[in-house]
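Encoded as structure tokens, the structure appears first; notes follow it.
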Amino acid sequence: MRSKIVAGNWKMNKNMEETEALLIELSAKLPDTKAEVMVAPTFVNLAAAVRNLETSRIEVIAQNMHFAESGAYTGEISADMLLNIGVDTCIIGHSERRAYFGETDEILAKKVKTALEKGIRVMFCFGEELEDRKSGNHFSVVESQLKNALFSLESSDWSKIILAYEPVWAIGTGETASPEQAQEMHAFIRKTISEAYDGSVSNNVSILYGGSVKPGNAEEIFSKPDVDGGLIGGASLVSDDFVAIINAI
Ligand code: 13P
């Protein structure tokens, strides 16, 4: 179901004490908002984060999972392990997973399938690289990322999908897509989904923008009609900044 969402992807940052301290700060400062607020700490701190936030409305989500049910996959985490500690939403397809860990559309399609079979909500990330945008291929790249990983899903599966458009050139660079660029792409994404499925699927999916969202630019980006919130990296590591971004929605 389409809703407003602000999620913090903490990536490989914050040790145990720092995680706890940030969660305490966020819980204390969390504004009264209808938006869903989520944080994705590292795996080693996930279970503690769930316990820390037991009485908070901040949801703890995972940054990644494996597609296999269990077995000889050293270093990996399964869907059941996430569910077992109370995590039922997972980021899949982050550009850093694609770029540094060789995650292809094919692998991501398998992860999405397993997540949905297990009842895990998927926050699916995708977005073009700088060369794609410079050469004018950004729409076709995004279309194929969506098609390859998601378009074999049933319409009913889409109630468990959140999309996060993150242009790679805007991640951690300080260079944000302009609100107009974000809106243009989000409208394109909705049109593409509506053509592959129908308007009820495309109008009901939340599409977040990610890439150098900061307190100073969040409000303008979030004001665009097809932008339903943000996936925040660096700024989600500082409680005042993350809270300001939540306030912007
Ligand atoms: P930054 O907000 O640091 O650019 O990171 C965005 C991101 O990758 C969130 O998943």
Task: Contact order normalised by residue count of the chain, Cα under 8 Å, 6+ apart, percent - done: 22
Open item on the list: If you average 1/r across every pair of different Cα atoms in segment 195-249 and take the reciprocal, what Kirkwood value do you get, in Å?
Closed with: 12.0
Open item on the list: From the phi angles alone, apply the Karplus equation (6.51, -1.76, 1.60; θ = phi - 60°) to segment 226-231 and give each ³J(HN,Hα) in whole Hz, x where the residue is Gly or Pro.
Closed with: 9, 9, 9, x, x, 10
TODO: Show the residues, 5+ positions off or on another chain, whose built amide H is closer than 5 Å to the amide H of Ile162.
DONE: Val122, Met123, Phe124
Open item on the list: Accessible area per residue for segment 115-249 in Å², computed with a 1.4 Å probe and the full protein assembly in place, what is it?
Closed with: 39
Open item on the list: Checking the cross-link filter: which aspartates and glutamates have an alpha carbon closer than 12 Å to that of Lys214, excluding same-chain neighbours under 8 positions apart?
Closed with: Glu175, Asp240, Asp241
Task: Residues whose placed amide H lies under 5 Å from that of Thr89, excluding near-sequence neighbours - done: Ala62, Arg121
Open item on the list: Report D for the chain in µm² per second (integer): Stokes-Einstein, Kirkwood Rh on Cα pairs, 10 °C, 1.306 mPa s.
Closed with: 88
- [ ] Identify all lysines with a Cα-Cα distance to Lys118 below 17 Å; exclude those on the same chain that are fewer than 8 residues away in sequence.
- [x] Lys110, Lys160
- [ ] Any chance you could list the semi-axes, whole Å, largest first, of the equivalent ellipsoid that the Cα gyration tensor gives for segment 39-78, using √(5λ)?
- [x] 24, 9, 8
- [ ] With all distinct Cα pairs included, what does the Kirkwood hydrodynamic radius of segment 114-154 come out to in Å, to one decimal, could you say?
- [x] 11.6
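The values are calculated or read from the model by the stated rules, or taken from the named source; none is laboratory data. This structure is a prediction, so every number in the text was calculated from the model and none was measured. The protein model used for the area step is the full one, side chains on, heavy atoms only, and it has no ligands, DNA or RNA in it. Shrake-Rupley method; radii C 1.70, N 1.55, O 1.52, S 1.80 Å.
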